[in-house]
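Notes for the one structure printed next.
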Amino acid sequence: MRSEVESRAEEFRVLRSSDPPLTLFGELCFCIITANTSAELGLRMQRLVPKEFFAFSSYDALVSRMHSHHCRFYRTRSQYIYRARWVLPLLPAIVNERDRFYAREFMVANVDGLGYKEASHFLRNVGVFDFAILDKHVLRLVSREIDVSAFRAGSAKSYLAVERELAGMASQIGLEPGIFDLYLWKIATGRVLK
């Protein structure tokens, strides 16, 4: 399991130093698309829709393409992607920001369609391992060690409280939260995706 997780983590680190910012924007689109659905859908959309199309097509063309590829909530996701284009030139600075918590707060506050889970997902997928992604698989797995009964999807307060607990668990075994998250995902699902 370690080699699989480390290999995926290295892929994420390489993305962080990507040039041009378009590659980072493609990853941001992946995270917008996977919200409240599956990583498989995001991967399929990344395969079928070039990042250039996400970044430069008209809004109507984006809606049409997302619909034709059976993207769940295609209108809403198209709107989020279209409205996120302004951040494209800022992405290299954001992912390399020394204050990782500031970078995430900036994304949550300024990019439509991103909450803490999605912003953490984006940053983790580009090699910023300060955050775990609290999805249903991870929550179910850690519920044996952490009280997640008060966790409410969409609540910043409960997300950050559980995240702190998970970061503490990761620290106890000497892992960054984003790497610990990959191990938990592997244990919960049998796979290490994005």
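The values are calculated or read from the model by the stated rules, or taken from the named source; none is laboratory data. Just so we're clear, the structure is a prediction, and the values are computed from it rather than from any experiment. Every residue, glycine among them, receives a Cβ derived from its backbone with ideal geometry; neighbour counts consider all protein chains shown. Just so you know, the surface numbers come from the protein's heavy atoms only, side chains and all, with ligands and any DNA or RNA stripped out. Shrake-Rupley method; radii C 1.70, N 1.55, O 1.52, S 1.80 Å.
Okay, here's what the table says:
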| item | result |
| --- | --- |
| MRE, 222 nm, helices only [DSSP H, n ≥ 4, -39500 (n - 2.57), over the chain, to nearest 500] | -20000 deg cm²/dmol |
| Residue-by-residue Karplus 3J(HN,Hα) for region 128-136, coefficients 6.51, -1.76, 1.60, Hz, glycine and proline x | 9, 9, 6, 10, 9, 9, 8, 9, 4 |
| In range of the label at S17: residues from region 163-183 whose backbone nitrogen is under 20 Å from the point 7 Å along Cα→Cβ | 179 |
| Calculated from backbone phi, Karplus (6.51, -1.76, 1.60) coupling profile of region 43-57 in Hz, x at Gly/Pro | 5, 4, 5, 4, 6, 8, 10, x, 4, 4, 5, 4, 7, 10, 6 |
| Label-point separation, L160 to D112 (7 Å along Cα→Cβ), nm | 2.5 nm |
| Charge-dipole axis of the chain as Lys and Arg at +1 and Asp and Glu at -1 on Cβ define it, positive-most pick from M169, S78, S120 | S78 |
| Karplus 3J(HN,Hα) series, Hz, for region 92-101 with 6.51 cos²θ - 1.76 cosθ + 1.60 (x for Gly, Pro) | x, 5, 5, 6, 9, 4, 5, 8, 4, 5 |
| Over the chain, relative contact order from alpha-carbon pairs under 8 Å, at least 6 apart, % | 24 percent |
| Virtual spin-label span in nm between S171 and R191, 7 Å along Cα→Cβ | 3.3 nm |
| Sparse-neighbourhood loop sites, GluC sites (Glu not before Pro) in region 101-194 - DSSP loop, at most 14 other Cβ within 10 angstrom | E145 |
| R72-R98 FRET efficiency (beta carbon distance; Förster radius 25 Å; 0.05 resolution) | 0.10 |
| Diffusion constant of the chain at 25 °C, which comes from Stokes-Einstein with the Kirkwood Cα-pair radius and 0.890 mPa s, µm²/s | 145 µm²/s |
| Solvent exposure, largest accessible area first (probe 1.4 Å, DNA, RNA and ligands not counted), of L22, L43 | L43, L22 |
| Label-to-label distance, nm, for residues given as R85 and R144 (7 Å Cα→Cβ offset) | 4.8 nm |
